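Asks: Before I ask anything, here is the structure I am working with.
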């Protein structure tokens, strides 16, 4: 849902008649930043709950295959969005591309966590990987807010 929200912001920005204005771009970057913060919060809550309850991840062949496909698709999508964002000179699209890449990292983290649990009994590997992804999401959110503030300051 967070990825869809961020994508919706990008579509809004690209279709906005004033998309070249720093004010509109700054608003889009702020909204994408908040999507990163929400993603970080959701992932953190899930990871903390898993750690607090010593919850071992469930594994299934279908689930593992789904995660592998998700990681590959999100990584490719992120790369394509980044390239398109550069071509269109769209900072919000480039920022949202990083959201797709973070989603891919989350899927890879879950895969590694499942493997670590299956091979070594490290039930905690999945939530620790999730917390690392949450930190990356927080950093991206912070960077997007800083970029939005720079754009807002340039119009003052």
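Asks: Would you please put 27-33, 132-138, 119-125 in order of how densely packed they are, using the mean number of other Cβ atoms within 10 angstrom per residue and starting with the highest?
Replies: Those peptides, ordered most packed to least, come out 27-33, 132-138, 119-125.
Asks: A further question on this structure: Please give the calculated 222 nm ellipticity per residue for the chain, where each DSSP H segment of at least 4 residues contributes -39500 (n - 2.57) and the sum is spread over every residue; nearest 500 deg cm²/dmol?
Replies: Value at 222 nm, helices only: -30500 deg cm²/dmol.
Asks: Quick one: Cα centre-to-centre distance for the range 96-122 and the range 58-87, in angstrom?
Replies: Here the answer is 11 Å between Cα centres.
Asks: A follow-up question, please. Taking a ≥ b ≥ c as the square roots of the eigenvalues of the Cα gyration tensor of the range 29-129, is the shape rounded (a/c under 1.5), prolate (a/b larger than b/c) or oblate?
Replies: Note, shape of the range 29-129 comes out oblate.
Asks: If you don't mind, another one. What distance in nm separates the simple spin-label points at residue 89 and residue 23, each placed 7 Å from Cα in the Cβ direction?
Replies: Between residue 89 and residue 23, the label points sit 2.0 nm apart.
Asks: Can you give me the angle between helix 22-52 and the longest principal axis of the chain, using Cα atoms only, in degrees from 0 to 90, rounded to the nearest 10?
Replies: For helix 22-52, the angle is close to 10 degrees.
Asks: Quick one: length gained pulling residue 139 to residue 61 fully straight, 0.36 nm per residue minus the C-alpha distance?
Replies: Net length gain for the segment: 24.8 nm.
Asks: Can you give me the angle between helix 2-15 and the longest principal axis of the chain, using Cα atoms only, in degrees from 0 to 90, rounded to the nearest 10?
Replies: Its long axis makes an angle of about 20 degrees.
Asks: Report, in degrees rounded to the nearest 10, the 0 to 90 angle that the Cα long axis of helix 91-120 makes with the longest principal axis of the chain.
Replies: It works out to around 0 degrees.
Asks: Need one word for the range 94-152: rounded, prolate or oblate. Basis is the Cα gyration tensor (sqrt eigenvalues a ≥ b ≥ c); a/c below 1.5 gives rounded, then a/b vs b/c decides.
Replies: Note, shape of the range 94-152 comes out prolate.
Asks: Let me ask something additional. Taking Cα pairs under 8 Å and at least six residues apart, what relative contact order does the chain come out at, in percent? The partial results should precede the final answer.
Replies: Numbers: 209 pairs, mean separation 55.2, N = 156.
Once divided by the residue count of the chain, the mean separation gives 35 percent.
Any read-out appearing in this document is the output of simple, stated calculations on the displayed coordinates, not a laboratory observation. If you're wondering where the values come from, they're calculated on a predicted model, not measured in any experiment. Heads up, the Cβs are rebuilt from the backbone with ideal geometry, glycines too, and the neighbour counts pull from every protein chain shown.
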